[in-house]
1. Within the stretch 159-172, track down each residue that is touching a residue at least 40 places away in the same chain (Cβ under 8 Å) and open to solvent by 10 Å² or more (accessible area, probe 1.4 Å).
2. Of all residues being open to solvent by less than 30 Å² (accessible area, probe 1.4 Å) and in a helix (DSSP H, G or I) in the stretch 25-41, which is farthest from Arg190 (Cα to Cα)? Just the residue, please.
3. Looking only at residues in the stretch 1-24 that are crowded, with 16+ Cβ neighbours inside 10 Å and not β-branched (Val, Ile, Thr), which one is modelled with the highest pLDDT?
4. If you check Ala237 against the conditions, is it open to solvent by 60 Å² or more (accessible area, probe 1.4 Å), closer than 25 Å to Arg149 by Cα and over 24 Å from the mean Cα position of the chain (by Cα)?
5. Taking the condition surrounded by 19 or more Cβ atoms within 10 Å (Cβ to Cβ) and modelled with pLDDT of 95 or more, does Arg187 pass?
6. Restrict the check to the stretch 303-313 and report whether at least one residue is closer than 25 Å to Val214 by Cβ and part of a helix (DSSP H, G or I).
7. I'm trying to understand the selection: among the residues of the stretch 132-154, which are under 16 Å from Asn92 (Cβ atoms) and without any contact (Cβ under 8 Å) to a residue 40 or more places away in the chain?
Amino acid sequence: MHEETVKQWDRDNAGEKHIAPEGIECPKHVAIVGLGLIGGSLARRLRESGCHVSAWNHRDHPYANARAAGIDCKDTLEELVREDPDVLVLCNPLMAMPEVLGTIKPLINPDKTTLTDVGSVKAPVRAQVREVGLLDCYVGAHPMAGNERSGWVAADPSLFDDALWAVTFGPTTQYRRVVQIAGMITRGVRNTMIVLDDETHDREASLISHMPHVVSTALINEMSNDPNNAIASALSAGSWRDMTRVALTDPDRTRAMVVENSVNVEELLHRMIDRLSEIADALHEGDDTEIKRFFAEGQPYRDYKAQLNGTRLSDSTETVFRSIRIDPEHWREQLLKSAQHGEYIVRFTSGHRLIAEQRPNIRAK
């Protein structure tokens with residue numbers, strides 16, 4: 001987020017009655033279940049912002065270092081939940097979710113605590129939350145941050161630098177819970193966010209993350225089985241490194257992520273197979289028209305990245321902010337439409353007004 005630009009926007013609009021100096025603040029107490037890469041990085045990031053952070057991990061090996069970082073580590077999950085944190089963030093694997101939710105259910109106070117998570121797939125989590133009867137206090141969340149490493153040893157608050165979060169809703173999601181999670185994200189973590197329904201999130205996440213993980217894994221599988229892989233690996237450079245980085249992730253972690261979103265990933269893989277078959281056939285037949293079309297089809301994305309990186313100035317690169325008043329009856333449609341228009345929520349200035357930053361869009365031809 002362009003913090004100096006946001007501050008200048010505040011100064012320019014200080015006379016408007018609806019603009020609060022700080023807006024919705026970060027919850028005072030955030031509890032985190034799981035101190036792996038994401039949970040540990042989030043805990044450290046929130047501590048940097050002055051938030052009281054408590055945590056529980058299924059094994060206590062990170063506790064000494066976590067406590068040294070100012071994190072209040074608990075011996076049991078029950079102890080963590082009984083403190084009635086403002087927000088309880090589930091950073092555990094999806095396979096552990098039924099057990100974790102089963103422990104939380106009789107102890108959580110929904111009037112005081114909002115439940116959220118950081119999983120890369122949202123519909124399955126909501127289904128498990130629904131099964132234990134905690135939907136009324138649940139909001140889905142997915143930080144677009146991470147790397148191929150894992151565990152507390154990889155935890156780094158800078159992992160969240162300039163990250164975008166997807167916050168997701170279902171038919172029963174309470175708007176006030178969304179605003180509370182927005183306070184944690186925009187004020188505590190100092191990130192931007194968009195708001196989506198679960199289905200849209202899972203479909204688009206499969207396109208930009210889950211399906212590419214499969215393709216990247218297929219590439220290293222091909223390398224592993226090539227009879228001249230010693231030569232191939234010696235020749236590999238930046239292109240190969242960038243295309244296979246995510247394949248270096250723990251394979252069990254990748255497999256679980258892909259399986260959790262299998263319907264969307266399967267559909268995209270079949271479409272990818274069709275695209276690759278078409279270019280393979282064109283190369284076999286020497287069809288120059290089809291070959292040129294294949295390599296030119298993605299030009300709108302190249303233009304978008306050039307604009308985003310400030311290397312092309314055919315469109316205005318000035319940062320544009322918009323103050324949006326939220327209609328309490330239609331907030332789902334309104335916030336989803338904002339995301340579809342390429343707007344990132346910078347922060348809520350009140351319960352029903354926010355500042356959004358307009359970002360460049362991919363303009364299909």
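1. Leu159, Asp162, Leu164, Phe169
2. Selected residue: Leu37.
3. Among those residues, the one meeting the criterion is Gly23.
4. In short, yes.
5. yes
6. yes
7. Hits for the stretch 132-154 are Val132, Leu134, Tyr138.
The rows are residues; the columns are (1) without any contact (Cβ under 8 Å) to a residue 60 or more places away in the chain; (2) closer than 18 Å to Thr172 by Cα; (3) surrounded by fewer than 17 Cβ atoms within 10 Å (Cβ to Cβ).
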| site | (1), (2), (3) |
| --- | --- |
| Arg322 | yes, no, yes |
| Trp331 | no, yes, no |
| Leu335 | no, yes, no |
| Ala339 | no, no, no |
| Ile345 | no, no, no |
| Thr349 | no, no, no |
| His352 | yes, no, yes |
| Glu357 | no, no, no |
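The values are calculated or read from the model by the stated rules, or taken from the named source; none is laboratory data. Quantities reported herein were computed from a predicted structural model and do not represent experimental measurements. In this analysis, Cβ positions are derived from the backbone assuming ideal geometry, glycine residues included, and neighbour counts consider all displayed protein chains. Remember, those area values only see protein heavy atoms, side chains included, never the ligands or the DNA or RNA. Shrake-Rupley method; radii C 1.70, N 1.55, O 1.52, S 1.80 Å.
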